[in-house]
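Working notes, beginning with the structure itself.
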Amino acid sequence: MSAHPPAPPTTSARTAPRRRPRDRREQILQSAARAFSANGFHAVRLDDIAADVGISAPALYRHFPNKYALFAETTRTLADALADATNAVPADTAHPATELRGLLAALTDAAIENRRSGSLYHWEDAFLKPDDARYVRDIVVAQHRRIRADLQGMRPTLDRDEADLIAAAMTSVVASPATHRTALPTRQIGELITHAALSLATVELPPEGRAPHTAPLTGLAPTSKRELLLAESIRLFAAHGFHDVTIDDIARAADLPASGVYRHFESKAAILQAAFWRASDRVTAMIADALSSSTTPREVVVGLVTRYVDLYLTNNDLISVYVSEIGSVAPRQRTALRNQQRINIEEWAAWVSRDRPDLSAARSRFLVQAALNVAIDLTRLPRKPSADHICALCIRLLTGTDGTSDEGGSDGVEVGE
């Protein structure tokens with residue numbers, strides 16, 4: 001036995017007490033924003049967010065009492081980031097073009113910074129309670145009004161409705177980097193997207209009355225029970241949300257017993273999956289249609305835009321459900337749907353690059369994503385614009401011109417690149 005008792009452990013040998021990081025709440029919010037943006041509100045589990053942050057579920061509940069509280073704080077945080085970005089841009093009523101460029105650049109930078117979470121804006125209103133929705137909406141409305149005021153300062157003869165529409169399209173363009181994962185150096189993204197949004201300032205919208213559809217069509221109900229179930233399901237999902245619609249609700253809408261639904265679909269998720277694949281097939285078929293009726297790259301691009309806008313306007317419920325409920329589809333099917341979407345984007349981008357050889361494939365993909373985001377956002381407005389107006393905005397983004405001439409180049413507002 002030793003004559004001396006063992007020495008006490010040194011400070012460095014002792015186990016240091018674990019301290020909660022000061023930014024733990026921020027880590028939770030960032031993880032939640034990514035999860036909600038990618039998968040939707042209902043598909044997100046708090047246990048998964050806790051695991052991503054590296055804490056236990058009870059530890060997460062010390063910060064947020066439930067999933068809605070976390071979701072609401074996430075959307076408010078993203079809205080605050082937009083407010084901070086635009087508030088940093090000084091007002092310059094004497095030089096509206098300068099202020100507008102600054103606002104669009106700031107919002108583009110905010111979208112780039114939040115690329116993994118910013119697409120939350122597509123569907124947040126569907127789940128926010130009135131007070132939280134109002135908080136976010138007030139920030140968005142203030143931002144919209146500044147952009148519209150600068151636009152009207154640049155174009156005093158522009159009427160209010162046209163200014164509202166172009167301002168909404170500009171906002172959609174600068175938000176578009178947060179809706180996809182196409183790779184490009186950050187500085188190039190900022191310059192490209194800011195320039196694209198600013199180019200809309202000089203768009204001459206065509207006269208009203210030439211649009212193929214100015215509102216979603218109701219049409220006649222299909223006679224096939226399976227098709228009827230698909231149609232009624234999408235209508236209900238768009239109106240109430242996928243998770244709040246039951247098989248019984250679908251059966252009643254189709255005037256069938258619940259057992260009649262199961263003769264065609266094994267589950268509610270299977271109905272949603274079938275509807276999404278139907279939409280994907282239509283989109284793929286439209287590409288073939290545009291190619292078969294075109295003789296130049298410009299005609300292909302214009303043909304794609306007009307067909308897509310027509311699809312969005314006449315299938316607004318399906319597009320709305322696709323944007324908000326993609327997280328409700330099984331992971332394997334979700335991956336397959338997104339892979340097909342990427343293939344379609346590549347086809348668009350290839351023809352944009354052929355029409356504008358100065359654009360790389362990656363830059364063309366960013367412009368395609370911006371144009372599609374504009375089409376989605378504008379067709380979801382309460383007061384739907386005409387197809388002609390949406391097409392004019394998307395065509396400017398993709399071709400750099402207002403018409404269908406095959407001459408390349410841009411007649412939009414120039415910014416340094």
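The values are calculated or read from the model by the stated rules, or taken from the named source; none is laboratory data. Please read all numbers here as calculations on a predicted model, not as lab measurements. Glycine also receives a Cβ, built like all others from the backbone with ideal geometry; neighbour counts cover every protein chain displayed.
Looking across region 124-151 at every residue that is without any contact (Cβ under 8 Å) to a residue 24 or more places away in the chain and under 28 Å from K67 (Cα atoms), the one that is nearest to the chain's Cα centre (by Cα) is identified as D125. When R383 is tested against (1) basic (K, R); (2) part of a helix (DSSP H, G or I); (3) more than 17 Å from the chain's Cα centre (by Cα), just one condition goes unmet, and that condition is (2). Taken over region 41-57, residues that are free of Cβ contacts under 8 Å to residues at least 40 places away in the same chain, among the β-branched types (V, I, T) and not in a helix (DSSP H, G or I) amount to 1. Does region 57-73 contain any residue that is farther than 22 Å from V323 by Cα, within 22 Å of the chain's Cα centre (by Cα) and in the same structural domain as D150 (by TED's automatic domain parsing)? Looking for residues that are farther than 22 Å from V323 by Cα, within 22 Å of the chain's Cα centre (by Cα) and in the same structural domain as D150 (by TED's automatic domain parsing), one finds none in region 57-73, hence no. Suppose the filter is more than 17 Å from L381 (Cβ to Cβ), surrounded by 15 or more Cβ atoms within 10 Å (Cβ to Cβ), of a type in the set (A, V, I, L, M) and not assigned by TED's automatic domain parsing to the domain that holds I326; does A167 pass it? Criteria not met by A167.
Conditions tested, residue by residue: (1) in contact with a Ser or Thr (Cβ under 7 Å, 6 or more places away or on another chain); (2) surrounded by fewer than 20 Cβ atoms within 10 Å (Cβ to Cβ); (3) in a helix (DSSP H, G or I).
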residue	(1), (2), (3)
F237	no, no, yes
A274	no, yes, yes
T295	no, yes, no
L304	no, no, yes
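Among the residues of this structure, E73 counts as one that is assigned to a helix (DSSP H, G or I), touching a Phe, Trp or Tyr at 6+ places or on another chain (Cβ under 8 Å), farther than 25 Å from H180 by Cβ and not β-branched (V, I, T).
Contact map, region 180-196: residues that are in contact (Cβ under 8 Å) with a residue 12 or more places away in the chain and among the acidic types (D, E) paired with residues that are surrounded by fewer than 20 Cβ atoms within 10 Å (Cβ to Cβ) and assigned to a loop (DSSP other than H, G, I, E, B), Cβ distance under 6 Å, separation 6+ or inter-chain. Pairs shown: E191/E417. The one condition from (1) within 28 Å of the chain's Cα centre (by Cα); (2) in a loop (DSSP other than H, G, I, E, B); (3) modelled with pLDDT of 90 or more that A33 does not meet is (2).
Under the condition of being closer than 19 Å to S199 by Cα and either hydroxyl-bearing (S, T, Y) or more than 13 Å from the chain's Cα centre (by Cα) (or both), the residues counted in region 101-123 number 9.
Out of L107, L151, L103, L120, report the one residue that is under 28 Å from H240 (Cα atoms), among the aliphatic types (A, V, I, L, M) and either surrounded by 18 or more Cβ atoms within 10 Å (Cβ to Cβ) or assigned by TED's automatic domain parsing to the domain that holds E191 (or both). None of the other options fit; the residue is L120. Kindly provide the set of residues from region 357-413 that are within 28 Å of V141 (Cα to Cα), among the β-branched types (V, I, T) and modelled with pLDDT of 95 or more, ordered by number. Within region 357-413, V368, V374, I390, I395 qualify.
The residues of region 153-179 that are assigned to a helix (DSSP H, G or I) and free of Cβ contacts under 8 Å to residues at least 40 places away in the same chain, listed by number, are R160, D161, A163, D164, A167.
Residues of region 327-348 that are surrounded by fewer than 21 Cβ atoms within 10 Å (Cβ to Cβ) and in contact with a Gly (Cβ under 7 Å, 6 or more places away or on another chain): G327 alone.
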